[in-house]
1. Whole-Hz ³J(HN,Hα) for each residue in segment 119-132, computed from phi via Karplus 6.51 cos²θ - 1.76 cosθ + 1.60 with θ = phi - 60°, x for glycine and proline: what do you get?
2. Report the paramagnetic label zone for residue 86: residues of segment 22-58 whose backbone N is under 18 Å from a point 7 Å from Cα along the Cα-to-Cβ axis.
3. Just for the Cα atoms in segment 328-392, what are the lengths along the principal axes, largest first, rounded to whole Å?
4. Would you tally the net charge around residue 129, using a Cβ to Cβ cut-off of less than 12 Å, leaving residue 129 out, and scoring K and R as +1, D and E as -1?
5. Under a point spin-label approximation (7 Å from Cα along Cα-to-Cβ), what is the residue 387-residue 251 distance to one decimal in nm?
6. Give me D for segment 203-293 in µm² s⁻¹, whole number, from Stokes-Einstein with Rh from the Kirkwood sum over alpha-carbon pairs, 4 °C and 1.567 mPa s.
7. Scan the chain and hand back the longest stretch that contains none of the GluC sites (Glu not before Pro) lying in DSSP loops with at most 14 other Cβ atoms within 10 Å.
8. Which of 347, 25, 293 ends up with the largest GNM mean-square fluctuation for the chain, with Cα atoms connected below 10 Å?
Amino acid sequence: MRPLEGITVVALEHVIAGPFCTRQLAELGARVIKIERPGVGDPARAYDQRVCGLSSHFVWTNRSKESITLDLKRPEALQIVHQLLADADVLVQNLAPGAAARMGFSHEQLAPRHPRLIVCDISGYGADGPYRDKKAYDLLIQSEAGLLSVTGTPETPSKAGCSIVDIASGMYAFSNILAALIARGRTGKGCRIDISMLESMTEWMSFPLYYAYDGAEPPPRAGASHATIYPYGPFPAGDGKLVMLGLQNEREWAAFCDKVLLKPELKTDPRFDSNPKRSAARADLYPIIVAALAGLGAGEVVARLDAAQIGNARLNHMAEVWQHAQLAARQRWVAVDTPAGPVKALLPPGVPAEFEARMDPIPAIGQHTDAILAALGYDAEQIARLRAQGVV
């Protein structure tokens, strides 16, 4: 038995943060009923066509869900949502600020009728404050939370290459919902969870925030290198391939000089004999390391680093991650059905061996509308009428 079997989640969700949260709830066994717009569905369905004609964003965040289409501007559709909530445990919504409340789906409005319901609201800036109504997209919050100020090269700030703010927000929504379910098991009462994308990303920015505490200089933008530890970043081998080095302490620096660079004299060079000195003297140390590695291929560099027990990694591209030997050895890829046929999907990290993660199909738009309505007591004639009127 999966731990969330018997839990029903109604999802007024779109794009990434909400869907990423509810996908993880579904993987633990929850039934997730995703409400989409008739005809077009979640906007993320149209972002691209990179996965056998389907959107990469949608495929990533929406497996194991049921899709019902409802026009939430219609009173009949809102009544159907209320019927779904009567038997639901969790409502997740990441609509525009205030939209759920205008439709009657705030925790304050729902709690008298559904006291056990957990309502999770995900928004850009939170439910109040001067920024409440600002547009909030992933890149915009990366900027507001300061991520861009410490990411990139000295000349050019750069965004994270994945939807890091949506992921952070979805993870905090997921973990807080799990905690709320535990609390409800003790008290019998639901609650409201208010997830702010800005607050989620600001928490993840705590290292650079504390590094710049009380007006101190923030960590500089250092490209793919670590901002304050050196050498820690990409270096070219003699064959032109990049190897990522990760030295953490003085013991590793000594081993690096002795066993990788074969330049033991660097250990005691007064320019480089502590991490602060090495970090300050990057312009001098970088060409020394590159010259020492120039006669070696990337594989040879990695072999020396492994022998010296020094952290290292390849700079993999997406095709190489799909084929990663470690993921293959641990059998982390499985097939998931989609409207366009089966695709590969990564098993959720950390699921205990006592149960299998739920890896059910990715739904077509409104695929489960008739079945969900029938379970609510609508007959075929009523469903046909709702469809003819554009309610579903």
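1. Going residue by residue, I get 10, 10, 9, 10, 9, x, 10, x, 7, 8, x, x, 9, 3 Hz, with x marking Gly and Pro.
2. 33
3. Computed over segment 328-392, the largest-to-smallest principal extents equal 53, 27, 14 Å.
4. Details: positive: 132, 134; negative: 128, 133, 194, 199.
Cβ neighbours under 12 Å give a net charge of -2.
5. 6.8
6. Values: Rh = 14.2 Å.
Stokes-Einstein gives a translational diffusion coefficient of 91 µm²/s.
7. Values: sites that count: 5, 155, 354, 356.
So the longest stretch without any such site is 156-353.
8. Maximum among the listed residues: 293.
The values are calculated or read from the model by the stated rules, or taken from the named source; none is laboratory data. For clarity, every value in this text was computed on a predicted model and none was experimentally measured. Virtual Cβ from ideal backbone geometry, glycine too; neighbours counted across all protein chains shown. Surface accessibility is based on the protein's heavy atoms, side chains included, excluding ligands, DNA and RNA. Shrake-Rupley method; radii C 1.70, N 1.55, O 1.52, S 1.80 Å.
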